[in-house]
Each structure stands twice: as structure tokens, then as C-alpha cells.
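Data first, discussion second: the structure below is written as C-alpha cells.
Bear in mind these aren't lab numbers, they're just calculated from the coordinates by the rules spelled out. Quick caveat, the model's predicted, so the values are computed rather than measured. Methodologically, a virtual Cβ is constructed for each residue, glycine included, from the backbone with ideal geometry; neighbour enumeration extends over all protein chains shown.
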Amino acid sequence: MILMSACLAGVNCKYNGESNLHPALKDLAEQGDVLLVCPEELGGLEVPRSPSEIMQGTGEDVLCGTAAVINREGKDITSNFVKGAQTALDLAKDQKIDLAILRRRSPSCGCGFIYDGTFTSTLRSGDGVFVALLKRNGINVLSDEDYLRELK
């Protein structure tokens, strides 16, 4: 069983109300044995919503309480991100997920790279909140880009 960012399969759950649809990943989801999740929605955030980024750290830092997730208006929405990550992790454990394919750069699902908190589209190394929690719990995570590269 695979867990996947819902936006990759065409679900319009991105902050701007759109998706990150990739046909190969949508096909994979339609074949079954794929759990689609949006941790940000599971954490109570609406679609569309203001973009958000992790300030002064990574998802692991957020989980440790030393960084925060802030939206463009300056509102601290860390609790939504942590709640959504925990809810999605609980679903993953219930479904015995052993691999997650998640959207690079996201403050939730970012795997390997996330935005740096300046809202200037600048990337830094690191994982989003949900990815950090999955890794803490021994679940393998690939970014969408890495997974698609492996398919070739």
C-alpha cells in the first residue's frame, strides 16, 4: 500500500485551489492500493488558503517546537500542520503504508527541499512537517520527482 499527496493525483487541494496533477501518478492512484491524503486539509485548513512556509527551520524543527509554520499574512498555523501530519500518520499506520510519494517543496509534504520561509520561492534542504513525522515512524518517503525519475 502506498500513501500519496492527493494533489499529485489531481485532487484540487493545493493552497491555491489547484492540483499538482501528474498523469503517471494519477494512473498509479487509480490502480488501487493508494491512500490519497492532504495533511493540510486534515489539519483543518481550507481550500483555497494563504500560502505558508516553515520559518527558521524544517519540519523536524517544527515537530521539536523550535520552528513555526506561518502563512503569508503572518498567522501562525503550526498547530494545523502538526494536527494534519498526525492524522495522516494515523491513517498511514491503519493502512500499513510502507511507502509515501509526496510533493516536493510543500511545508507539509516537502521531501528533500522546502521553501525557506521568505515567500520568495527560495528553496532550502529539508523536509516538511508530515515527511518528518513519517520518517520518525520508519515510513519510506520519496518525492514525486524522485519516484518519477525511478520509473524511467
Just one of the numbered conditions (1) closer than 20 Å to VAL141 by Cα; (2) free of Cβ contacts under 8 Å to residues at least 40 places away in the same chain; (3) out of contact with any Ser or Thr (no Cβ under 9 Å at 6 or more places or on another chain) is not true of ALA6; which one?
(3)
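So how many residues does region 40-87 have that are under 21 Å from ARG124 (Cα atoms) and either more than 14 Å from the chain's Cα centre (by Cα) or not aromatic (Phe, Trp, Tyr) (or both)? Spell out how you get there, then give the answer.
So in region 40-87, the residues under 21 Å from ARG124 (Cα atoms) come out as 40, 50-72, 74, 76-78, 81-82, 85.
Within this subset, residues satisfying the condition of being either more than 14 Å from the chain's Cα centre (by Cα) or not aromatic (Phe, Trp, Tyr) (or both) are 40, 50-72, 74, 76-78, 82, 85.
The qualifying residues number 30.
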Residues of region 86-102 classified as over 10 Å from PHE130 (Cβ atoms), out of contact with any Leu (no Cβ under 6 Å at 6 or more places or on another chain) and not aliphatic (A, V, I, L, M), total:
5
Just for region 33-79: of the residues that are among the hydrophobic types (A, V, I, L, M, F, W, C) and without any contact (Cβ under 8 Å) to a residue 24 or more places away in the chain, which one is nearest to LYS93 (Cα to Cα)?
CYS64
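So is ARG103 in contact with a strand residue (DSSP E or B) (Cβ under 9 Å, 6 or more places away or on another chain) and within 20 Å of ASN140 (Cα to Cα) or not?
Answer is yes for this residue.
Please state which one of VAL62, VAL37 is over 28 Å from LEU151 (Cβ atoms) and among the hydrophobic types (A, V, I, L, M, F, W, C).
Sole residue among the options that is over 28 Å from LEU151 (Cβ atoms) and among the hydrophobic types (A, V, I, L, M, F, W, C): VAL62.
Might you let me know whether region 40-53 holds any residue that is under 22 Å from LEU134 (Cα atoms) and among the basic types (Lys, Arg)? So that I can check it myself, show each step before the final result.
Of all residues in region 40-53, those under 22 Å from LEU134 (Cα atoms) come to 40-45, 52-53.
Of the ones still in play, those that are also among the basic types (Lys, Arg) are none.
No, region 40-53 contains no residue that is under 22 Å from LEU134 (Cα atoms) and among the basic types (Lys, Arg).
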